[in-house]
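Following: one structure in structure tokens, then a few remarks.
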Amino acid sequence: MESVKPRLTLIAAMDQNHLLANSQGIPWKLPHDAAHFRSYTRGKWLLLGRKTFAEMREWFDAGHTPLVLSSSCGWEPDIGRVIASVSQALAMGKAAEVPEIVCCGGAQTYVAALPFADRMVLTLIEETYSAGRGAVYFPKWNPLEWQMQAESVLPKGDPNEPVARVITLERARK
Ligand SMILES: NC(=O)c1ccc[n+]([C@@H]2O[C@H](COP(=O)([O-])OP(=O)(O)OC[C@H]3O[C@@H](n4cnc5c(N)ncnc54)[C@H](OP(=O)(O)O)[C@@H]3O)[C@@H](O)[C@H]2O)c1
């Protein structure tokens with residue numbers, strides 16, 4: 001039987017303006033969102049841009065398979081593989097019969113991955129953070145192309161934390 005293309009899921013956290021990070025990095029600290037991210041990505045193939053991979057390098061363990069999107073060939077990360085396109089990631093996942101690849105950003109990589117995405121797991125933080133030069137945003141998506149499958153409010157680690165909801169959207173099939 002021919003193997004099936006893996007599902008591509010985008011996972012991200014953003015503020016009310018869909019800010020992902022500013023020049024200082026990610027401006028919030030939400031332990032329950034970090035736990036949710038760890039839980040969703042555990043043991044999976046991940047797709048990351050070169051910059052996000054470098055930021056998260058210490059975080060990976062032997063259970064992760066990071067695929068690092070980069071236009072420069074001729075280098076290999078110490079964990080995972082460099083890839084030149086989202087299509088290449090999906091073809092590799094299909095050949096390995098991986099059920100799901102999770103795109104963990106950053107902004108440029110979400111832009112490249114969104115047209116191929118089947119699912120989005122988004123943490124929506126009910127707060128706005130300072131942006132400024134170097135701010136990066138999650139790309140706009142067409143709400144008509146997506147159906148809400150699940151929604152939950154994250155517990156707060158501290159009463160001063162903003163409210164944050166996790167929504168799961170699936171691409172609507174015609
Ligand atoms: N809030 C969140 O959920 C979240 C999640 C992830 C990251 N972030 C934040 O996002 C920021 C990084 O985002 P970013 O957009 O600057 O960088 P990025 O997407 O992590 O990495 C950008 C790099 O990836 C490669 N790349 C991207 N698209 C490509 C394509 N279509 N084809 C080939 N290579 C491609 C290029 O590498 P080369 O230069 O090697 O060609 C590019 O320079 C960080 O501040 C991080 O903290 C936030």
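The values are calculated or read from the model by the stated rules, or taken from the named source; none is laboratory data. In this text, all values refer to a predicted model and were calculated from it rather than measured experimentally. Using ideal geometry, Cβ is built from the backbone for each residue, glycine included, and neighbour counts are taken over all protein chains shown. Just the protein is used for accessible areas: all its heavy atoms, side chains included, with ligands, DNA and RNA removed. Shrake-Rupley method; radii C 1.70, N 1.55, O 1.52, S 1.80 Å.
Numbers for the structure displayed
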| item | result |
| --- | --- |
| Residue in region 104-112 that is more than 9 Å from the ligand (Cβ to nearest atom) and either without any contact (Cβ under 8 Å) to a residue 24 or more places away in the chain or out of contact with any His (no Cβ under 8 Å at 6 or more places or on another chain) (or both) present | no |
| Single residue of Glu151, Glu97 found to be more than 14 Å from the ligand (Cβ to nearest atom) and touching a residue at least 60 places away in the same chain (Cβ under 8 Å) | Glu97 |
| Condition met for Ala62 (in a helix (DSSP H, G or I) and more than 11 Å from the ligand (Cβ to nearest atom)) | no |
| Failed criterion for Gly157 (all others in (1) closer than 16 Å to Phe37 by Cβ; (2) at pLDDT 95 or above; (3) away from the ligand (no atom under 14 Å from the Cβ); (4) not charged (D, E, K, R) hold) | (2) |
| Elements of type strands (runs of 3 or more DSSP E) contained in region 82-174, each with 2 or more residues being among the aliphatic types (A, V, I, L, M) and open to solvent by less than 50 Å² (accessible area, probe 1.4 Å) | 100-103, 119-125, 164-171 |
